[in-house]
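Enquirer: One structure is given below, represented as structure tokens, and several questions about it will come after.
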Amino acid sequence: MKDPKDRLDSLRAGIERRNPAQPEFHQAVREVLDTLAPVFRARPEYAVPGLVERLTEPERQIVFRVPWQDDHGTVHVNRGFRVEFNSALGPYKGGLRFHPSVDIGVVKFLGFEQIFKNALTGLGIGGGKGGSDFDPRGRSDAEVMRFCQSFMTELHRHIGEHTDVPAGDIGVGGREIGYLFGQYRRITNRWEAGVLTGKGTGWGGSQIRPQATGYGSVLFAAEMLQRQGLGLDGRSAVVSGSGNVALYTIEKLQKLGAYPITCSDSEGYVVDDKGIDLDLLKQIKEVERGRVGAYAERRGASARFVPGGRVWEVAGEVAFPSATQNELGADDARALIASGVKAVSEGANMPTTPEAVRLFQEAGVAFGPGKAANAGGVAVSALEMSQNAARSAWTSQRVEEELAGIMRDIHQVCHETAERYGAPGDYVTGANIAGFERVADAMLAQGVI
Ligand code: NDP
Ligand code: 2IT
């Protein structure tokens, strides 16, 4: 029999041939397949022909036209996507991303990651992702509303509380979920709260959902540090991004006594020697929808804005890439390692390039991959679905406790799985294999579909 490593390599080559011009999808697939050889050796039942082929081929891919009119009456045409990747463990679940860089390859990479992440939560959710190349930046509320209504006019026929449950991601937050939910309700004439998550708390949303991804990423970092006998208290932290995930990463770090000193957007980064003033940053980002450059202008002498730079130039003991894919490369990793970084927790999806991951691991830096470290967001989405199904609303305290328990469990299963397969401390291998085992077991039990 062919060695599993050779077989996985030739499967990967075939996947790349069949899906040309999708570099992010190739990267996400490769990162998973490169860690699976030990599990194929130990458990030959996974080596059945067709399993990996099915796992890497979405169950359904929907691409549609989204026409809308701006405030001047000009018509724009965007492209909408929903990739329903795998429903072996539950309804497709995953966010919607509105960003000009979105194409089918990006949505497929995110959907593929989501399968394993959602499996790690243990909450019975399959993997999916969607979005559009629409750029919400600089658009009025009315324009965003018309875009969301047009997007949902097509999407509504594909989703449902037992079928596919979208949520937010880059460019999609509470405002967009509101407009999307309104249009879904109008078209279907149903109060079907569980069709979307990330809703407002007054109309079916869960407490702590906006905070959950960032909070969870910090909790995951705390677990990794604890394994090394270390804590977060008093540690300097570098955080990238200034959106939903970054803001609540900073908030949780401050609550746990750490000292976040950076944030960023696509124009550059801010470093604040006194530590980020979160009220000011939230005012600029959440209320004014402004840029981080404005933070430095208003904060005074302790902060400066570095146009075009990357936060990883700043020394920090813990690092939280929380903006977008491939934002932390090999040179950035070398700089962080030289500055003495102890742990890296991926709040974003695939923000660290494969070479940078390898450098961190070789240097003995605890590295939490996104599919484990940022799973708190989708986990609380699943808790929102539970509350919707029971027509109940949990307290913040209850949701926070559940989130903490889920992040602890995810850390534990990743750690144990890595040890079991001879890779102690390698959370990438642990997360990929633990997620894979859960999905593969369900797929094998449910037959060739
Ligand atoms: P937001 O839209 O709230 O914020 C995105 C942030 O990342 C902004 O600061 C944005 O800057 C920056 N950014 C986005 N694209 C780029 C780019 N191409 N280059 C440089 N900076 C960029 O999104 P979220 O905070 O929700 O998402 C951040 C990351 O976290 C994404 O990878 C997402 O997939 C992941 N994630 C999100 C979850 C959630 O619950 N929201 C759950 C799990 C993961 P700018 O405004 O200049 O574009
Ligand atoms: O990448 C992600 O996990 C998300 N954007 C959240 C998905 C969700 O369904 O809450």
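Every number here is computed from the coordinates shown, using simple stated rules; none is lab data. Because the structure is predicted, anything quoted here is derived from the model rather than measured. Neighbour counts run over all protein chains shown; Cβ positions are idealised from the backbone, glycine included.
Enquirer: State which entries of 5/108; 117/199; 2/108; 129/274 exceed 27 angstrom in Cα-Cα distance in the structure shown.
Expert: Those over the limit are 2/108; 129/274.
Enquirer: Calculate, axis by axis, the spread of Cα positions in the chain along the three principal axes, and write the results as whole Å, longest axis first.
Expert: Cα spread of the chain along its principal axes, largest to smallest: 64, 55, 43 Å.
Enquirer: Report the antiparallel proportion of the DSSP beta bridges in the chain as a percent, rounded to a multiple of 5.
Expert: 55 percent
Enquirer: Additional query: Let me check I've understood the local charge: for residue 364, count other residues with C-beta under 15 angstrom from its C-beta, Lys and Arg +1, Asp and Glu -1. What total comes out?
Expert: Here the count lands on +1.
Enquirer: Okay, moving on. Return the FRET efficiency for the residue pair residue 255, residue 395: r is the Cβ-Cβ distance, R0 is 22 Å, and the value is rounded to the nearest 0.05.
Expert: 0.80
Enquirer: Which order do 93, 371, 285 fall in if you start with the one that has the fewest other Cβ atoms within 10 Å?
Expert: So the residues, fewest neighbours to most, are 285, 93, 371.
Enquirer: Report the full-extension gain for the segment residue 3 to residue 30: residue separation times 0.36 nm, less the Cα-Cα distance, to one decimal in nm. Don't jump to the answer; show the numbers that get you there.
Expert: Values: separation 27, 0.36 × 27 = 9.72 nm, distance 1.71 nm.
In short, 8.0 nm is gained.
Enquirer: Now for a different question. Over region 40-84, what is the mean sequence separation of C-alpha contacts under 8 Å (at least six apart), divided by residue count, expressed as relative contact order in percent?
Expert: 34 percent
Enquirer: Dividing the alpha-carbon radius of gyration of region 333-429 by 2.2 N^0.38 Å (N being the number of residues), what value is obtained?
Expert: Numbers: Rg = 16.2 Å, N = 97, 2.2 N^0.38 = 12.5 Å.
That ratio works out to 1.29.
Enquirer: Expressed as a fraction of 2.2 N^0.38 Å, the rule-of-thumb size for a compact globular protein of N residues, what is the C-alpha radius of gyration of region 240-289?
Expert: My calculation over the Cα atoms of region 240-289 gives 1.04.
Enquirer: Under the definition of Cα pairs under 8 Å and six or more residues apart, what whole-number percent is the relative contact order of region 364-437?
Expert: In percent, rounded to a whole number, it is 36.
Enquirer: Now for a separate question. So if a site counts as exposed when it's one of the GluC sites (Glu not before Pro), its DSSP state isn't H, G, I, E or B, and it has at most 13 other Cβ atoms within 10 Å, what's the longest stretch of the chain without one?
Expert: Within the chain, the longest run free of exposed GluC sites (Glu not before Pro) spans 1-266.
Enquirer: Place a label point 7 angstrom from the Cα of residue 444 along the Cα-to-Cβ direction, then list the residues of region 78-97 whose backbone nitrogen is under 20 Å away.
Expert: Hits in region 78-97 for residue 444 at 20 Å: 86-90.
Enquirer: Measuring from centroid to centroid over Cα atoms, what is the spacing of region 229-244 and region 24-51 in Å?
Expert: Cα centroid of region 229-244 versus Cα centroid of region 24-51: 33 Å apart.
Enquirer: Loop only by DSSP, 16 or fewer other Cβ within 10 Å of the Cβ. Give me the chymotrypsin sites (Phe, Trp or Tyr not before Pro) in region 1-49 that pass, ordered by residue number.
Expert: Here no chymotrypsin sites (Phe, Trp or Tyr not before Pro) fit, given the DSSP loop and packing criteria.
Enquirer: Normalised by the number of residues in the chain, what is the relative contact order in percent for Cα pairs under 8 Å and 6+ residues apart?
Expert: Once divided by the residue count of the chain, the mean separation gives 15 percent.
Enquirer: Note down the net charge around residue 349, summing +1 for each Lys or Arg and -1 for each Asp or Glu among other residues with Cβ under 10 Å from its Cβ.
Expert: On the way: positive: 97, 117, 129, 371; negative: 24, 113, 169, 346.
Overall, the nearby charge balance is 0.
Enquirer: Rounded to the nearest 0.05, what FRET efficiency do residue 10 and residue 338 give with R0 = 35 Å and r taken as the Cβ-Cβ distance? Could you check?
Expert: Numbers: r = 38 Å, r/R0 = 1.10.
So the FRET efficiency works out to roughly 0.35.
Enquirer: Only sites in a loop by DSSP and with at most 16 other Cβ atoms within 10 Å count here; which trypsin sites (Lys or Arg not before Pro) in region 334-367 make the cut? Working shown, then result.
Expert: Working: sites: 334, 342, 358; in loops: 342.
Sparse-neighbourhood loop trypsin sites (Lys or Arg not before Pro): none present.
Enquirer: Go from 0 up to the bin containing the longest alpha carbon distance in region 211-355, width 5 Å each, and give me the % of pairs per bin.
Expert: 2, 11, 22, 26, 22, 12, 4, 1, 0
Enquirer: Sum up the charges of everything whose Cβ sits under 9 Å from the Cβ of residue 431, counting Lys and Arg as +1 and Asp and Glu as -1, but leave residue 431 out.
Expert: +2
Enquirer: Report P(r) for region 363-411: all Cα-Cα distances, bin width 5 Å, range 0 to the bin holding the largest distance, values in whole percent.
Expert: 5, 18, 25, 21, 14, 8, 4, 3, 1, 1
Enquirer: Calculate one ³J(HN,Hα) per residue across region 258-275 by plugging θ = phi - 60° into the Karplus curve 6.51 cos²θ - 1.76 cosθ + 1.60, and present them in order as whole Hz with x for glycine and proline.
Expert: 8, 9, x, 10, 9, 7, 7, 9, 5, 9, x, 10, 10, 10, 10, 4, 8, x
Enquirer: Next question, about the same structure. Rounded to whole Å and ordered largest first, report the semi-axes of the equivalent ellipsoid of region 269-380 derived from its Cα gyration tensor (root of 5λ).
Expert: On the way: eigenvalues 132, 63, 27 Å².
The three semi-axes for region 269-380 are 26, 18, 12 Å.
Enquirer: Per-residue HN-Hα couplings for region 174-179, Karplus 6.51 cos²θ - 1.76 cosθ + 1.60 at θ = phi - 60°, whole Hz, x for Gly and Pro?
Expert: These are the phi-based 3J(HN,Hα) values: x, 4, 5, 4, x, 5 Hz.
Enquirer: At 7 Å along Cα-to-Cβ for each site, give me the label-to-label distance between residue 228 and residue 288 in nm.
Expert: With each label point 7 Å from Cα toward Cβ, the separation is 3.7 nm.
Enquirer: Now, a different point. With a ≥ b ≥ c the root eigenvalues of the C-alpha gyration tensor of region 1-44, is it rounded (a/c under 1.5), prolate (a/b larger than b/c) or oblate?
Expert: It is oblate, given that a/c is not under 1.5 and a/b is not larger than b/c.
Enquirer: In whole Hz, with x marking every Gly and Pro, tabulate ³J(HN,Hα) for region 390-402 from phi via Karplus 6.51 cos²θ - 1.76 cosθ + 1.60, θ = phi - 60°.
Expert: 8, 6, 10, 9, 8, 6, 4, 4, 5, 5, 4, 5, 4
Enquirer: Enumerate the amide H contacts of residue 394 below 5 Å, restricted to partners 5 or more residues apart or on another chain; note that Pro and chain-start residues carry no placed amide H.
Expert: Those qualifying (amide H under 5 Å, at least 5 residues apart or on another chain) are 207.
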